[in-house]
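Here is the structure we will look at, set down as structure tokens.
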Amino acid sequence: MSTPTPTNVFEYAPAPESRAIVDIKPSYGLFINGEFVDGNGTSFKTVNPATEEVLAEVAEANDADVDEAVKAARRAYTRVWSRMSGAERAKYLYRIARIIQERGRELAVLESIDNGKPIKESRDVDVPIVAAHFFYYAGWADKLKYSGYGETPLGVAGQVIPWNFPLLMLAWKIAPALACGNTVVLKPAETTPLTALLFAEICQQADLPPGVVNIVTGAGETGRAIVSHPDVDKVAFTGSTEVGKAIARAVAGSDKKVTLELGGKAANIVFDDAPLDQAVEGIVNGIFFNQGHVCCAGSRLLVQESVADEVLERLKRRMSTLRMGDPLDKNTDVGAINSGEQLKRIRELSEVGDAEGAERWEVACDLPTKGFWFPPTLFTGVSQAHRIAREEIFGPVLSVLTFRTPSEAVEKANNTPFGLSAGVWTDKGSRILSMANRLRAGVVWANTFNKFDPTSPFGGYKESGYGREGGRHGLEAYLKGADQ
Ligand code: NAD
């Protein structure tokens, strides 16, 4: 097999998006009861992962701050939000959705600066789906009696989210909670707090009653204070399986309702009858979208043995055209790794792959000297026992395995502690259906990958968590149930 020359074949002039549209303040407080307040704790810095530039100093909420936020949410729940008709609540959600659209460029630029993701993703994927989520759940607010889950809200929701899709995860949490009549205390991840704080401004702009949405920033301790607060009725967490398990233990024995959206190790399965160029696009999208910082990333490529060489050759050629660099450049395909800590994890697990005997191939490119970067990489010669085939790398690293028969593909795909997503590439509709029935994954994409829509439920099996977000099913997490 001839290995393609690993250089970028096209030359582009830089096309950076202007950052003049965002107004990053030197410091940020907590958003409690409709206002920004100083907080009683210390503060932390948020940095631009592409440059290591310190962007702002952000308040770190302590137990007392979290208590204030929960009290504000409880007051707003009891006095205003749960008493308001669904049709009235919907008006606020529609207003928020429209403001998100109006301020879409500002949100996208800020997200790319704080997170490191390419502007074409934050602009064309994240922000439009965020607005769509608010529109979608606004539509449910006055139709809850048809949901099948009753129409009684739970009360105060404590929500903790990760850094990979800061604004999108916020929308997945806040939109259904508010539509169902709950109020929320949400904590963004410590490396990506800025778009959540801009969302707080949007809540002010939308005249959302004070206390309905509270945003408290901080790290693990702040998250712990939220989920263990006795007056929180519902815990919604998206993040690592390890922290998800700790949260499940912390709330065990309480009457809190819990949903956990955790890690994944998705198999992207390519059969020999698949349209190979499209499959290669799907493989690239599956693992290099958002630098592979995607819970449902197609991080295990299972390719049928008869086409393995050809797929790998085309894949390497395609990977060599990926443009890595300034997240604000509209040409950029692969941006920065979100933090130094995450980069260290990706490096360590990749070195384990080397030590286990897998063969590493990476795109040859000049990495910027500042910031956190990891080139798009694939490992061949991977066996199921290898740690790079079992553990979530959460970076732009693909493990390639082969199979001969559909049954072997199913067995290998399901041989994982996770069960979040999978992809199937084949020409045969009947095979798609049969594979989808046998794969233990919450979402199975056919001849596509990483497609999201607010109408479609998303969630996992096994160590990928429980509960569903999105669609009608997503309402269940925020309602007491049909018989209450
Ligand atoms: P993480 O678990 O380290 O952190 C997630 C959030 O939890 C952060 O806000 C963090 O501050 C907070 N936190 C940390 N310790 C806590 C504690 N003891 N109690 C309460 N909160 C605590 O995860 P991460 O590294 O930020 O995110 C990456 C992980 O998220 C990956 O494993 C990924 O698969 C997962 N993820 C899952 C989904 C999904 O829908 N299943 C979506 C996105 C990300």
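Where a number appears in this text, it was derived from the coordinates with a stated rule and is not lab data. Given the structure is predicted, the values throughout are model-derived calculations rather than measurements. Quick reminder, even Gly has a Cβ in these numbers, built from the backbone with ideal geometry, and neighbours come from all protein chains shown.
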* Asked: What number, in percent, do you get for the relative contact order of segment 343-484 if the mean sequence gap of Cα pairs under 8 Å and at least 6 apart is divided by its residue count?
  -> 15
* Asked: If you line up the long axis of helix 429-438 against the longest principal axis of the chain, both from Cα atoms, how many degrees apart are they, to the nearest 10?
  -> 60
* **Between segment 23-46 and segment 346-361, the Cα center-to-center distance that results, in Å** => 41
* Structure fact -> Listed by chain and number, the lysines with an alpha carbon less than 29 angstrom from that of residue 91, same-chain partners under 8 positions apart left out, are 71, 143, 145, 173, 187, 234, 256, 257, 451, 480
* How much length, in nm to one decimal, is gained on full extension between residue 242 and residue 461, taken as 0.36 nm per residue of separation minus their Cα-Cα distance? -> 77.3 nm
* Asked: Sequence-distant or interchain residues sharing an amide H contact under 5 Å with residue 258, placed H: which?
  -> 235
* Asked: When N is the residue count of segment 321-369, what does its C-alpha Rg come to as a fraction of 2.2 N^0.38 Å?
  -> 1.34
* Structure fact -> Cross-link reach from residue 25 to aspartates and glutamates, straight Cα distance under 18 Å and at least 8 residues apart if same chain, gives 35, 38, 52, 53, 57, 60, 106, 111, 114, 190, 201
* Structure fact -> Most exposed to least, judged by fewest other Cβ atoms within 10 Å, 337, 432 sort to 432, 337
* Structure fact -> Rounded to the nearest 10 degrees, the helix 308-319 long axis (Cα) sits at an angle to the longest Cα principal axis of the chain of 60
* Structure fact -> Footprinting proxy, 142, 277: sorted fewest to most Cβ within 10 Å, the residues are 277, 142
* Long-range HN-HN contacts of residue 403 with modeled amide H, under 5 Å -> 303, 304, 305
* Structure fact -> Once normalised by the length of segment 36-194, the mean sequence separation of its alpha carbon contacts under 8 Å that are 6 or more apart gives a contact order in percent of 27
* Whole-Hz couplings from phi, Karplus 6.51/-1.76/1.60, listed for segment 160-173; x for Gly and Pro -> 10, 10, x, 9, 6, 9, x, 7, 5, 5, 4, 5, 4, 8
* Relative to the compact globular guide of 2.2 N^0.38 Å, what is the alpha carbon radius of gyration of the chain, as a ratio? -> 0.96
* Pulled fully out, how much extra length does the chain show between residue 317 and residue 431, if you take 0.36 nm times their separation in residues and subtract their Cα-Cα distance? -> 38.2 nm
* Asked: Given H placed on each backbone N at 1.01 Å, which residues far from residue 43 in sequence or on other chains put an amide H within less than 5 Å of it?
  -> 60
* **In Hz, Karplus ³J(HN,Hα) per residue of segment 116-122 (6.51, -1.76, 1.60; θ = phi - 60°; x = Gly, Pro)** => x, 7, x, 4, 5, 7, 5
* What is the distance in Å between the Cα centres of segment 116-168 and segment 201-248? -> 14
* **Whole-number percent relative contact order across segment 267-453, with pairs defined as alpha carbons under 8 Å at least 6 apart** => 30
* Mind pulling the angle between the C-alpha long axis of helix 104-115 and the longest principal axis of the chain? Nearest 10 degrees, somewhere in 0 to 90. => 70
